[in-house]
Amino acid sequence: MAPKRGKKSNQNDDENGELTVINLHQCKRPFKNPKYHTPKKWKNLKQVLTLEKTQDFDLDIPTYQSIECPPSVRPQKKYCDITGLEAKYTDPKTGLRYHNNEIYKVIRTLGVPGVQAYLANRNAAVILK
Amino acid sequence: MENIFDYIFAIFGVSTSNVDHPIVITEPPSNPHYNRNLMSELLFECYGIPSLAYGIDSLFSYYQNVGGNDDGLVVSAGHSTTHIIPMVQGKGILSRSKRMSYGGTQSTDYMLKLMQLKYPTFPTKMTSSQAQQLVHDHVYVSANYQQTLKEIENRDSFPTFDRLIQFPFVAPVIEEKSEEELRLQAAKKEEASRRLREAAAKTRLEKLMTRERELEAFTNLKSAKTVLKKAVWLAQLKETGFTDEADLDDTIKQVEAAIQKARNKELGIDDSEEKEPPATNLIDIPDDQLDENDKKEKRKQRLLKASYDARQRAKQAKEEAKAQEAEEARLEEAARLRDPAKWAAGVKDKRHKAIDRIKKRKRLAAELSDRKSRASQLRMRSIANLADDNGSPKRRRKGQEEDTFGADDSDWMIYREISRDDDDEEEEEDLALVNHYESLLLQHDPTFLPEHSFEATSSPTNTLMHQLTYGVYPLFDPNDAAQHHQMHLNVERVRVSEVLFQPSIVGLDQAGLIETMDDIVKTFDVNARSAIQQNVFLTGGFAQLPGLTERMQTNIQTISPVGSSVRVRLAQDPVLDAWRGAAKFALSSMLAKFAVTKAQYQEFGGEYIKEHGYGNVFRP
């Protein structure tokens with residue numbers, strides 16, 4: 001059954017222009033079951049996924065992992081890490097892709113943290129663990 | 001989540017001990033069991049709802065906008081993900097759906113990172129919500145990404161893409177002096193300079209007076225020679241500080257010359273170095289015929305003569321050089337008038353050579369500063385060789401034991417090469433040459449414009465980086481505080497949205513939107529494919545990007561067979577249509593059919609759902 005008509009005016013209504021704000025600590029919540037206690041521990045995504053893996057299903061049933069997009073088979077178009085324009089060249093020393101020799105000069109003046117920052121944008125930075 | 005539900009029910013004013021309403025709630029495709037379990041548990045146990053139905057938000061949106069029993073493809077560009085779900089007979093086929101990990105949140109993060117890297121020295125820190133605002137206001141999907149990039153790079157079409165974002169800033173207070181104050185300041189300066197000039201004139205005058213007095217004293221002394229006896233006079237001389245008469249004569253001459261010069265300066269007469277040739281009468285007489293004093297005189301005369309000759313020669317050389325220059329200029333003019341094209345080419349060639357020399361010097365300087373470069377290593381080797389005391393014993397042969405370094409003048413050039421001093425003088429010379437050639441070319445060659453000059457092409461405002469960071473107009477003024485707080489959005493406008501089509505831009509190892517759609521469609525029967533492609537439905541908050549529908553239309557056309565029609569539709573309200581679809585679902589008979597009641601929940605567990613066309617598949 002749809003929520004009661006009369007209460008619609010309490011919502012963020014454009015015509016009314018009012019936003020009712022209530023303090024959750026002050027108002028009564030009779031609808032809550034007092035005997036229910038929320039679980040204190042949650043599982044993060046990794047744990048949920050490992051849990052999923054342990055349950056086996058039929059192969060044609062989709063799981064959270066299975067509907068993930070597969071890697072691309074088409075050749076990647078490369079873009080300059082500094083400017084975003086098309087990158088025809090890659091710097092062998094740093095691995096950055098660049099658009100023309102002017103950008104290359106800029107790359108040479110970057111220090112190691114700058115280079116790693118640009119690479120991190122492309123998920124290609126060196127991660128030391 | 002519990003807080004959110006509390007808020008919702010409190011706003012609704014639910015006053016019963018249970019929430020006596022069936023709930024329809026959306027979940028992501030292929031929601032893990034654990035998550036659904038938690039949600040069902042919360043709703044059933046804590047709030048005591050009677051029945052619960054789950055659905056997928058994008059499919060609800062489809063239901064609201066399209067409905068029906070057609071085949072189609074739903075693309076949901078959401079907040080944190082993008083899903084692509086095929087529909088057959090109005091029901092979602094979850095097993096063939098795909099999910100891309102790029103949505104509104106990731107686009108905001110990417111925009112933030114891009115701007116932080118583009119403006120590393122920006123005065124204020126950009127926040128995530130500001131980045132989100134930028135994405136909402138300025139990002140769009142280009143119809144042809146490569147084409148758009150080329151147009152952005154082109155300086156002429158650049159302004160149509162560039163957006164200037166002004167951040168709030170505090171203008172520095174410059175104390176503007178009024179006209180009055182400026183005049184007063186100028187008057188004060190003039191006063192001070194006048195006073196200085198007067199003081200200088202006074203000191204000069206005083207010096208002149210002292211000199212004249214000295215001259216008088218010395219001439220008196222000299223004339224006293226005839227009056228006094230020689231011994232007394234010599235004693236007086238020694239007292240005043242002279243060694244002998246010649247010394248006194250010299251001093252008198254010097255003082256006279258100084259006075260003359262000072263007088264000339266005051267009167268403004270220009271005193272040039274026109275000295276008459278010195279006396280040379282003693283130089284020719286051989287040494288043994290002269291006595292002590294004469295020998296000294298002879299030496300002095302020789303020196304003077306040598307210096308006088310050198311000066312004459314220098315003057316001659318200068319005049320000759322001037323004449324030669326004039327001659328060359330005349331020849332150039334003649335050559336120019338005779339054959340302007342060839343002359344211009346010749347001058348350009350010379351200019352290129354000078355510019356090459358400048359660039360080469362710069363490159364060499366850069367190489368030498370790098371320790372590992374070849375130039376640097378060669379230099380170290382030269383230094384080591386020079387400092388080597390022993391040398392190579394193998395090469396020593398009889399008679400060749402001596403080190404012949406330095407006998408040849410060019411040997412010393414090695415010291416020039418290893419010194420890392422700046423060769424500023426040569427650079428200045430070359431620059432002067434370039435300027436000279438350029439002025440000639442500007443005057444006489446119509447095709448050579450000021451923007452081709454060396455200065456213009458090497459200035460930093462002409463570079464691509466400058467264009468992308470600071471825009472083309474208005475020109476960047478380092479003193480303008482407002483401009484320091486400005487950001488230019490050009491490539492980022494299309495780059496952030498392009499990630500949907502090319503996730504490799506952010507390093508995501510996933511296929512793009514079109515490729516994934518292609519893969520999904522190909523899993524179907526050949527006959528079914530066309531029906532699906534004709535009915536593509538876009539929904540979700542991130543699908544509000546301008547230009548997305550057109551881009552999808554053209555791209556899907558490229559992957560579908562020739563002649564087939566492609567139709568891409570955007571939801572009427574991409575953000576809220578999911579709710580409307582769910583409301584429609586709830587008001588229909590489907591709710592009673594597909595909702596899970598409390599009893600069923602207690603029997604089957606929290607993961608239990610009933611499959612309907614707009615929700616997930618149930619996995620037992």
**Message:** Just want the answer: with Cβ charges of +1 for Lys and Arg and -1 for Asp and Glu, which residue in B:P546, B:G605, B:Q166 is farthest toward the dipole's positive end in the protein assembly as shown?
**Reply:** B:G605
**Item:** the stretch B:536-596 - Kirkwood radius from inverse mean 1/r over Cα pairs (Å)
**Value:** 13.7
**Asked** When the gyration tensor of the protein assembly as shown is built from Cα positions, what are the square roots of 5 times its three eigenvalues, in whole Å, from largest to smallest?
**Response** 92, 35, 28
**Complete:** Among A:K32/B:K610; B:K222/B:K253; B:K91/B:K593; A:K78/B:K150, the pairs whose Cα-Cα distance exceeds 19 Å are A:K32/B:K610
**Asked** How fast does chain B diffuse by Stokes-Einstein, in µm²/s, taking the Kirkwood radius from C-alpha pairs at 37 °C and 0.692 mPa s?
**Response** 90
**Prompt:** Of the beta bridges DSSP finds with both residues in the protein assembly as shown, what % are antiparallel, to the nearest 5?
**Reply:** 60
**Net dipole in debye of the stretch A:48-107 [+1 Lys, Arg Cβ; -1 Asp, Glu Cβ; about Cα centre; nearest 20]** = 600
**Request:** Set the Förster distance to 41 Å, then compute FRET efficiency between B:T554 and A:Q55 from the Cβ-Cβ distance, nearest 0.05.
**Result:** 0.45
**Prompt:** Using the beta-carbon distance between B:A192 and A:A124 and R0 = 45 Å, what value does 1/(1 + (r/R0)^6) give for FRET efficiency, to the nearest 0.05?
**Reply:** 0.10
**Prompt:** Taking the mean number of other Cβ atoms within 10 Å as a proxy for protection, how do you rank B:368-377, B:56-65, B:95-104 from highest to lowest?
**Reply:** B:56-65, B:95-104, B:368-377
**Request:** In debye, nearest 20, what is the charge dipole magnitude of the protein assembly as shown about its Cα centre with +1 on Lys and Arg Cβ and -1 on Asp and Glu Cβ, if you could check?
**Result:** 2720
**Prompt:** Under unit Cβ charges (Lys, Arg +1; Asp, Glu -1), what dipole magnitude, rounded to 20 debye, does the stretch B:181-314 have relative to its Cα centre?
**Reply:** 660
**Request:** Using R₀ = 35 Å, calculate the FRET efficiency as 1/(1 + (r/R₀)^6) where r is the Cβ-Cβ separation of B:N37 and A:T20; round to 0.05.
**Result:** 0.60
**Item:** Equivalent ellipsoid, the stretch B:58-175 (semi-axes from 5 times Cα gyration tensor eigenvalues, Å)
**Value:** 40, 18, 13
**Request:** Find out how many positive minus negative residues lie around B:A582, taking Lys and Arg as positive, Asp and Glu as negative, among other residues whose Cβ is under 14 Å from that of B:A582.
**Result:** -2
**Message:** Testing the spin-label approximation: label points 7 Å from Cα along Cα→Cβ at B:N264 and A:K41. State their distance in nm.
**Reply:** 10.6
**Message:** For chain B, take the longest principal axis of its alpha carbons; what is the angle in degrees between that and the long axis of helix B:374-387, to the nearest 10 within 0 to 90?
**Reply:** 40
**Prompt:** Along the positive direction of the dipole of the stretch B:181-314 (beta-carbon charges: Lys, Arg +1; Asp, Glu -1; about the Cα centre), which of B:L205, B:A192, B:A217 reaches farthest?
**Reply:** B:A192
**Message:** Using only DSSP helix segments of four residues or longer, with each worth -39500 (n - 2.57), what per-residue ellipticity at 222 nm results for the protein assembly as shown after dividing by its residue count and rounding to 500?
**Reply:** -16000 deg cm²/dmol
**Options B:V135, B:V506, B:I93, ranked by Cα towards positive dipole end of the protein assembly as shown, top entry (Cβ charges)** = B:I93
**Item:** Distribution of pairwise C-alpha distances over the stretch B:181-314, 5 Å bins, in %
**Value:** 2, 8, 11, 11, 12, 14, 14, 9, 6, 4, 3, 3, 2, 1, 0, 0
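Where a number appears in this text, it was derived from the coordinates with a stated rule and is not lab data. Given the structure is predicted, the values throughout are model-derived calculations rather than measurements. Virtual Cβ from ideal backbone geometry, glycine too; neighbours counted across all protein chains shown.
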